[in-house]
Amino acid sequence: MKKLVVLTGAGISAESGISTFRDGNGLWQNHRIEEVASPLAWENNQQLVLDFYNQRRKQLFEVEPNNGHKWLVKLEEKFDVQIITQNVDDLHERAGSSNVLHLHGELKKVRSTKNSNIIYTLNHWELKQGDKCELGSQLRPHIVWFGESVPMIEMAIPIVTSADILIVVGTSMVVYPAAGLINFVANNIPVYYIDPNANKIKNISNLTIIAEKAGTGVPKLVSQLLSNQR
Ligand code: OAD
C-alpha cells in the first residue's frame, strides 16, 4: 500500500464550528497569545489560561466531525494513511481515522505540572485550580504553548520523509516547526494543498493547489485518489 500522509490545521475543523486562529475573527484576533497560551501566562494568571482552554474544551463536546474529517477516513480503504494534525481537537479520531498524531497536544487531555509524562483524559470540560495529579501538583492543559518545544515533531519527521503522497489541509503554514515538515518530503512526490487561501509552497515542484474549503475540497481529492488507485 502507498503511504499517504495528511497534515491538517485549524481549517479542517472550521466547518464543524471551531474557530481558526488567524482568519478574520480568529482566536488570535480576540485573545492575546502571550496572555493565554504561554508558560508566562500560566505563571501570571492561571485562571485566565484555564478559562481559555475550558471554553475551547466545552465547545469541543458540542461539535461534530465534518465532511473533511470523514472523507479522509475513506482513504484507508486503499492507502496506508497517517494524519499529522496541528489541531488539539479530537475530530479526526471521532470521524474514524486510525492513525492520528497530535503535534500541539490534545484539548481533552491534561497533565501534571510536576511530571509531564503523567497525562489524564478528561471526560468533562472544566479543569479547575486545585485539580491535582497523583503527585499533588496542579494539572495543566496538555497543550504545546508558545515558547515550548514540540516533542512530537521527532515522530512526525520520519513519517513525512516516508510519504508517497502528501495532503495538506486547512493550515496557514506559518507556525514552526510544523510548517517546516513540508521540507522533509521526498523529491517530486505529489503534494496537494486544500485551503481557500492556499499559496504556493516554496521548493515543492509537484504541488497541486485546491483553493476550496475542506468540506468540498477533501471529498473531491479523495474520490480522485481512490479511483486512480486500483
Ligand atoms: P490558522 O488559523 O493559522 O490557519 C487556518 C487556515 O485554515 C487558513 O489558511 C485558512 O485559509 C484555512 N481555512 C479556513 N477555513 C477553512 C475551511 N473551511 N477549509 C479549509 N481551510 C480553511 O491555523 P493553523 O495553521 O492550524 O498552535 O495554525 C497553526 C497553529 O497556530 C495552531 O496549531 C495553534 C496556532 O497558534 C498552538 O496553539 C500551539
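What figure in square angstrom, to the nearest 10, would you give for the accessible area of TRP145 with a 1.4 Å probe?
We get 10 Å² for TRP145.
Need one value: the accessible area of LYS74 in square angstrom, 1.4 angstrom probe, rounded to the nearest 10.
Result for LYS74: roughly 80 Å² accessible.
What residues have an amide H closer than 5 Å to that of ILE84, excluding those fewer than 5 places away on the same chain, when H is modeled at 1.01 Å from N in the peptide plane?
Residues meeting the amide H criterion: VAL6, LEU7, THR8, LEU101.
Give, in whole angstrom and from largest to smallest, the semi-axes √(5λ) of the equivalent ellipsoid of segment 55-141, with λ running over the eigenvalues of the Cα gyration tensor.
On the way: eigenvalues 171, 44, 14 Å².
The equivalent ellipsoid of segment 55-141 has semi-axes of 29, 15, 8 Å.
What is the Å³ per residue value for the convex hull set by the Cα atoms of segment 116-230?
Taking the convex hull of the Cα positions in segment 116-230, it is 173 Å³ per residue.
Given a 1.4 angstrom probe, I'd like the percentage of the accessible area of the chain that is carbon and sulfur, rounded to a whole number. Provide the component values of the computation, followed by the final result.
Numbers: 5400 of 11320 Å².
The nonpolar share, carbon plus sulfur, comes to 48 percent.
If LEU225, LEU40 are ordered by their accessible area, calculated over protein heavy atoms with a 1.4 Å probe, which sequence runs from highest to lowest?
LEU40, LEU225
Return the Rg/Rh value of segment 1-92, two decimal places, where both radii are evaluated on C-alpha atoms and Rh is the Kirkwood radius.
1.06
Thinking of segment 42-86 as a set of Cα atoms, what percent of all their pairs are more than 18 Å apart? Write down the numbers at each step before the final one.
Numbers: 540 of 990 pairs.
Counting every Cα pair in segment 42-86, those more than 18 Å apart make up 55 percent.
Please give the helix 214-228 orientation as an angle from the longest Cα principal axis of the chain, in degrees from 0 to 90, rounded to the nearest 10.
The answer is roughly 40 degrees.
What do you get for trypsin sites (Lys or Arg not before Pro) in segment 161-220 restricted to DSSP loop and a cutoff of at most 16 other Cβ within 10 Å of the site's Cβ?
LYS200, LYS202
Hey, what number do you get for the chain at 222 nm if only DSSP H runs of n ≥ 4 count, each worth -39500 (n - 2.57), divided across all residues, to the nearest 500?
On the way: 9 runs with 70 residues, N = 230.
Per the formula, -8000 deg cm²/dmol.
A 20 angstrom limit on the alpha carbon distance is what I want to check against. Which of LYS2/LYS200; LYS78/LYS109; LYS58/LYS109; LYS74/LYS220; LYS3/LYS78; LYS70/LYS202 exceed it?
As for pairs spanning more than 20 Å Cα to Cα, those are LYS2/LYS200; LYS78/LYS109; LYS70/LYS202.
I'd like the orientation of helix 46-60 relative to the chain: the angle between its Cα long axis and the longest Cα principal axis, in ° from 0 to 90, rounded to 10.
Tilt of helix 46-60: around 40 degrees.
Taking each pair of distinct Cα atoms in the chain once, what is the resulting Kirkwood hydrodynamic radius in Å?
By the Kirkwood definition, the hydrodynamic radius is 18.3 Å.
At a probe size of 1.4 Å, how large is the accessible area of ARG111, to the nearest 10 Å²?
40 Å²
The values are calculated or read from the model by the stated rules, or taken from the named source; none is laboratory data. Bear in mind that the values here come from a model prediction, so they are computed numbers and not experimental data. Methodologically, a virtual Cβ is constructed for each residue, glycine included, from the backbone with ideal geometry; neighbour enumeration extends over all protein chains shown. SASA here: full protein model, heavy atoms, side chains in, ligands and nucleic acids out. Shrake-Rupley method; radii C 1.70, N 1.55, O 1.52, S 1.80 Å.
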